[in-house]
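Shown next, in structure tokens, is the structure this report addresses.
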Amino acid sequence: MTILSNLISGVSLGSIYAIIALGYTMVYGIAKMLNFAHGDVIMVGGYLCFCSTAYLGWHPLPSVLLAMVGCTVLGIVVERLAYKPLRSAPSLAVLITAIGVSYFLQNAALLLWGSDPKVFPTFFNFSGKSSWSLFGGQLNVSYVAAITVAACLVIMLALTAFTGHTKMGKAMRAVSEDKGAAQLMGIDVNFTISMTFAIGSGLAAVAGVLLCSSYPTLMPTTGSMPGIKAFTAAVFGGIGSIPGALLGGVLLGVIEIFARAYVSTQLSDAIVFAVLIVVLLVKPSGLLGKLVREKV
Amino acid sequence: MATKLKRMAPSTRSSFLTYGMVIAAYVVMQAMLSGGLLTSSLKGMLVPICAYVVMAVSLNLTVGIMGELSLGHAGFMSVGAFTAVIAAAALQNTVSNGPLRLVMSMAVGGVFAGLVSLIVVVPVLRLRGDYLAIVTLAFGEIIKNIINCVYVGMDGTGLHFSMKDAASLGMAADGKVLLQGPMGAVGIQKLSTLTAGFLLIMLTLAVVLNFIHSRAGRAVMALRDNRIAAESVGISPTRYKMMAFVTSAVLAGLAGGLYAMNFSSILAKKFDFNTSILILVFVVLGGMGNIRCSIIAAAALTVLPELLRQFADYRMLVYAIVLILVMIFTNNPAYKAFFARFRFRRKTAGKETA
Amino acid sequence: MFSKLVPIPSGAMVPDRDVDKSPILECINLGVTFGGLKAVENFNLTIGRTEIAGLIGPNGAGKTTVFNLLTKVYQPTKGTILLDGNDTHGMSTIQVNRAGIARTFQNIRLFTDLTVEDNVKVGMNNAMGYNMWSGIFRLPGFWKEEKVAHQRAMELLSIFDMQDLADAKAGSLPYGAQRRLEIVRALATNPSLLLLDEPAAGMNPSETAELMENIRKIRDTFQIAVLLIEHDMNLVMNICEGICVLNFGQVIAKGSPEDIQSNPTVIEAYLGKKKEA
């Protein structure tokens, strides 16, 4: 039973990574940049949701919506101000700018909300209970875990449908293949990129709320480690691939929880990263990534 | 012969300018130090600045010259730092001369960082681009995690290691704990000096600049510019990438040793992902492959938070904004063209008067 | 030094001056498949020791693929390549280069951020012997070999009158000069067979005429064989002694320029079938 319970918490943590990784993967696919500030958008989402419930006394649902809207706007603004001027710059310059944005968001949060951890409220509490008791109390499945996994699946399916079948989704795929050609076909490249950032940041807000619901301490640095892990998950699954992000995220979460439970708490991160390295050595472009061969 | 000298001039002249700049900076700092002109906080930053300069120059070998993004350079610094600290403690009784002990323990740090890099080099040779970046990041985190679990102690019989806790080291009563897992290294003798830092920078410059301007450096840059063409003229990627990567790691290990022995205690957390990123910022801001500017960037950005002290709580926020603005202004084609025009005008104006 | 083709014992044709020497290259039933597509099939070619040979054919015929097979950018799925009588099976690009094949690329691949001279010196890398430590500590070996390398680089650049460009960044050169530099870089590896992939692409007629002279000069000075892919028929018919025509991955004709020009299969491949009257 402990294995099953660990598996459930692993899949649930992995689903959070997967939602963040989806944002990473989409932005990477379109803008070909590693958005290191993505993890900090999660943190901003968490704080927005926290403030609206704790200070304004809002109901959880509108505060989650507020967090999503807030992060979407933040994503668009950041893209316009910091990344758009660097569209044709070398990728490393964009990477450093993203790191600058990450510092900015962390320190702005530090000034606004201080460095002491905030305790995130429990949203998923129905009729006084926060988990299902199964097998006569031998197995507890928290509502948060179930909702996280469900949310992750819904988001993945919705994104797959969106990129596959809508006009905007097709525009996104076109831009990710070839910006210049897409522009010549009448696609508004800047708008498409903004939309991608908007979707990615909106997802980050959802991930933020779910993350803080599972691990209810909120600090300005809350987003950075999950951000790095999600980035790892995206690469693990094959960066640019939507199912890859899901697979990578879930595997990463499961490995992390199992390593923590059965090997060592302190070494769990090391084990996660070691597995990543081994997988990349065997499959250099990730589990579901496409290997692009250079034409000679 | 005269034509040869003329031809050799550009790269050699540039190298000498770099050495000269470092020597001048050292002389000025040394003078200010003896004149008591430095605040105590700036004084404490001199050795870290030297260490960061070495880190920036060595990372430039990987990122600028080899063209591979590394997000785990601080990992090698960490290995160098902790092995050097342990070596310094172990040598305490046999080598009484402080500077000599510093050099010997830094060398131990460099060797161990080099050994670790021999493991990291395997994926470096197989992977490219963002996949390689994530693997180097992963290695940096693994190194940090492992050091967080290691306990090292020393007593009359020698060194003791454990992965559990300080009690399981099994030391005699006179034993001293050197490395306490998550509490880091403690009781370090502060052996590092500005002069040691200066000499290390000079050594690093000599190694890196001479490497670049030798056949190995040319081969590495050829692989960076066009791997397929380089292989077609018989350049082996394995051999030359390994040379550059291991050299870079050894230098980072030396810098780690210098850095650690400037403090009485040090945590593994000091060398995490954020430090790797910080060093990468020095390199990118200074210009990839541009050794001199990465030295300036490393020194300036290390001092900058100190200079921004008047902004108090806002200083890191200002730092972030400065970083973003500098990246935008140096990389946006429109702004670049604007500044280039400005510079061009000034140059032609100068020519007219001359 | 334009010679007639004569048969050698294996039945292949080489220029008459090379008839006593063993051929530099023999491809026997060479083939490669990419995911079911036969890109090159049953490719047979023999090149004499100092022959200038041409490989022609319509776009997409598989000419560059043959170069990629010879230089092991792709490993052949079938057949044998004998370089100077030695089987190159299992060799890497690097080993093949050391064994004596050097090439240029259709889409120029220079080391754009290095100087012209350094581009050439990279080609000489394997001829140099000093190790990393001599380089870092500037030991006598470094100075001696670098001096020799500089002189040789200048000599090679002088073939195309490019000595003055030695300090320029390779990426800043005009198109024609970049193509010439690629040839110099390939020559710097001391090859016995030089593969040129569309050397005259983007050149005007006078530049092409000069290039023809230089290819001959290279062959005469270094006594090496040259195999070139080219669409400029004037160049091919003027300097190639043996020509091999490829279409859809298969050899459709081989022979001297005169044979090829009058071959009906070749004409059909280039111009299409004559309409039935």
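Just so you know, all these numbers are worked out from the coordinates, no wet-lab data involved. This one's a predicted model, so the numbers in the text were calculated from it and none came from an experiment. Cβ sites come from the backbone with ideal geometry, for glycine too, and all protein chains shown count toward neighbours.
Taking every residue in A:104-115 and counting other chain Cβ atoms within 10 Å of its Cβ, the average works out to 3.
Per residue, what volume in Å³ does the Cα convex hull of the protein assembly as shown take up?
Details: hull volume 223.6 nm³, N = 927.
In the protein assembly as shown, the Cα hull volume divided by residue count equals 241 Å³.
In plain terms, the chain from C:D87 to C:R138 could stretch by 14.4 nm, reckoned as 0.36 nm per residue minus the Cα-Cα distance. Of the three principal axes defined by the Cα atoms of region B:5-95, the extents in descending order read 53, 40, 29 Å. For C:V6, nonlocal amide neighbours, meaning residues 5 or more places apart or on other chains whose placed amide H falls under 5 Å from its own, are C:V14, C:D16.
Rounded to the nearest 20 debye, the dipole size of chain A about its Cα centre is 520 debye, using +1 on the Cβ of Lys and Arg and -1 on the Cβ of Asp and Glu.
Once you average over the residues of A:270-282, how many Cβ atoms of partner chains fall within 10 Å of each Cβ? Let's see the in-between values first.
Working: counts 10, 2, 4, 11, 5, 1, 6, 11, 1, 0, 8, 5, 1.
Other-chain Cβ atoms within 10 Å of each residue's Cβ, averaged: 5.
For B:I142, neighbours were defined as the other residues whose beta-carbon sits under 13 Å from its Cβ, and their charges (Lys and Arg +1, Asp and Glu -1) total -2.
Relative to the Cα centre, what is the charge dipole magnitude of region C:110-188, using +1 at the beta carbon of each Lys and Arg, -1 at the beta carbon of each Asp and Glu, and rounding to the nearest 20 debye?
Details: 9 positive and 10 negative charges, 36 e Å.
Computed charge dipole of region C:110-188: roughly 180 debye.
Taking every alpha-carbon pair within region A:28-156, the share separated by more than 18 Å comes to 65 percent.
Measure up C:K63/C:K147; B:K144/B:K176; C:K38/C:K121; A:K32/A:K118; C:K169/C:K254 against 29 Å on the Cα-Cα distance and list the ones that go over.
Numbers: C:K63/C:K147 39 Å; B:K144/B:K176 23 Å; C:K38/C:K121 38 Å; A:K32/A:K118 35 Å; C:K169/C:K254 41 Å.
C:K63/C:K147; C:K38/C:K121; A:K32/A:K118; C:K169/C:K254, as the Cα separations exceed 29 Å there.
With Rh defined as the Kirkwood radius, the inverse of the mean 1/r over Cα pairs, the Rg/Rh of chain C is 0.99.
Report the FRET efficiency, 1/(1 + (r/R0)^6), for B:Y19 and C:K169, where r is their Cβ-Cβ distance and R0 is 25 Å, rounded to 0.05. Provide the component values of the computation, followed by the final result.
Working: r = 24 Å, r/R0 = 0.97.
That pair, B:Y19 with C:K169, gives E of 0.55.
Its DSSP H runs of at least 4 residues, each contributing -39,500 (n - 2.57), put the calculated 222 nm mean residue ellipticity of chain B at -24000 deg cm²/dmol, to the nearest 500.
Each principal axis of region B:1-152 carries a Cα extent, and these read 54, 43, 31 Å when sorted largest first. In a GNM of chain B with a 10 Å cut-off on Cα contacts, which of B:M45, B:M288, B:M32 has the highest mean-square fluctuation? The residue that fluctuates most here is B:M32. What the pair-distance distribution of region C:110-188 shows, using all Cα-Cα distances binned every 5 Å from zero, is 3, 17, 27, 22, 15, 10, 5, 1 percent. Placing unit charges on the Cβ atoms only, positive for Lys and Arg and negative for Asp and Glu, gives the protein assembly as shown a dipole magnitude near 1300 debye about its Cα centre.
In order along region B:20-33, the Karplus-derived 3J(HN,Hα) couplings, from 6.51 cos²θ - 1.76 cosθ + 1.60 at θ = phi - 60°, round to x, 4, 5, 4, 4, 4, 5, 4, 4, 4, 4, 5, 5, 5 Hz, and Gly and Pro are given as x. 3J(HN,Hα) along region B:214-222, derived from phi through the Karplus expression 6.51 cos²θ - 1.76 cosθ + 1.60 where θ = phi - 60°, amounts to 10, 5, 5, x, 4, 5, 4, 5, 5 Hz, with x in place of Gly and Pro.
Within chain B, the percentage of alpha carbon pairs spaced more than 31 angstrom apart rounds to 39%.
Where only DSSP H runs of four or more residues are counted, chain C gives -10500 deg cm²/dmol as its mean residue ellipticity at 222 nm, each run worth -39500 (n - 2.57).
Counting residues in chain A as N, plug N into 2.2 N^0.38 Å and put the Cα Rg over that result. Mind dumping the intermediate values first?
Numbers: Rg = 19.1 Å, N = 296, 2.2 N^0.38 = 19.1 Å.
After normalising by residue count via 2.2 N^0.38 Å, the value is 1.00.
With each label modelled as a point 7 angstrom along the Cα→C-beta vector, the C:K78-B:N97 pair spans 7.3 nm. Cβ crowding within 10 Å ranks C:I8, C:I260 as C:I8, C:I260, fewest other Cβ atoms first.
Our summary gives chain C a relative contact order of 26 percent, counting only alpha carbon pairs under 8 angstrom and 6 or more residues apart.
Which whole number gives the average count of other chain Cβ atoms within 10 Å of the Cβ atoms across peptide B:122-128?
Working: counts 2, 5, 0, 0, 4, 6, 3.
Partner Cβ neighbours, averaged per residue: 3.
Ranked from largest, the principal axis spans of the Cα set of region A:156-296 equal 55, 42, 25 Å.
Charge tally around A:L74: other residues with Cβ under 13 Å, Lys/Arg +1 each, Asp/Glu -1 each, net -1.
State the antiparallel share, in %, of DSSP beta bridges confined to chain C, rounding to the nearest 5.
Working: 23 of 39 bridges.
Once the DSSP bridges in chain C are tallied, antiparallel ones form about 60 percent.
Using C-alpha pairs under 8 Å with a sequence gap of at least 6, the mean separation divided by the residue count of chain A gives a relative contact order of 37 percent. For chain B, the residue among B:V85, B:S236, B:V152 whose Cα projects farthest onto the positive side of the dipole built from Cβ charges is B:S236. Output the Kirkwood hydrodynamic radius of region C:160-214, Cα pairs only, in Å rounded to one decimal. Evaluated over region C:160-214, this radius sits at 12.1 Å.
Semi-axes, largest first, in whole Å: what does sqrt of 5 times each Cα gyration tensor eigenvalue give for region C:1-93?
Values: eigenvalues 123, 45, 24 Å².
Semi-axis lengths for region C:1-93 are 25, 15, 11 Å.
Exposure proxy for C:E146, C:E258: other Cβ atoms within 10 Å of each Cβ, ordered fewest to most, give C:E258, C:E146. In plain terms, the bigger the Kirkwood radius, the slower the diffusion; for region A:1-67, with that radius from Cα pairs, at 10 °C and 1.306 mPa s, Stokes-Einstein puts D at 113 µm²/s. Think of chain B as having a plus end and a minus end, set by charges on the Cβ of Lys, Arg, Asp and Glu; of B:S276, B:M21, B:S70, B:M21 sits farthest toward the positive end of this dipole. Largest GNM mean-square fluctuation across C:T50, C:T93, C:T33, computed for chain C with C-alpha springs under 10 Å, falls on C:T33. Compute the signed sum of charges (Lys and Arg +1, Asp and Glu -1) over the other residues within less than 12 Å, Cβ to Cβ, of C:D220. Surrounding charge for C:D220 is +3. Label separation (C:D16 vs B:R309): 9.2 nm, computed from points 7 Å beyond Cα along the C-beta direction.
State the antiparallel share, in %, of DSSP beta bridges confined to the protein assembly as shown, rounding to the nearest 5. Just about 70 percent of them are antiparallel. Short to long, the 5 Å bins of the Cα pair-distance histogram for region C:120-240 hold 2, 10, 20, 21, 18, 13, 7, 5, 3, 1, 0 percent of all pairs. Taking a point 7 Å from the Cα of C:A99 along the Cα-to-Cβ direction, the residues of region C:17-31 with backbone N closer than 19 Å to it are C:22-31.
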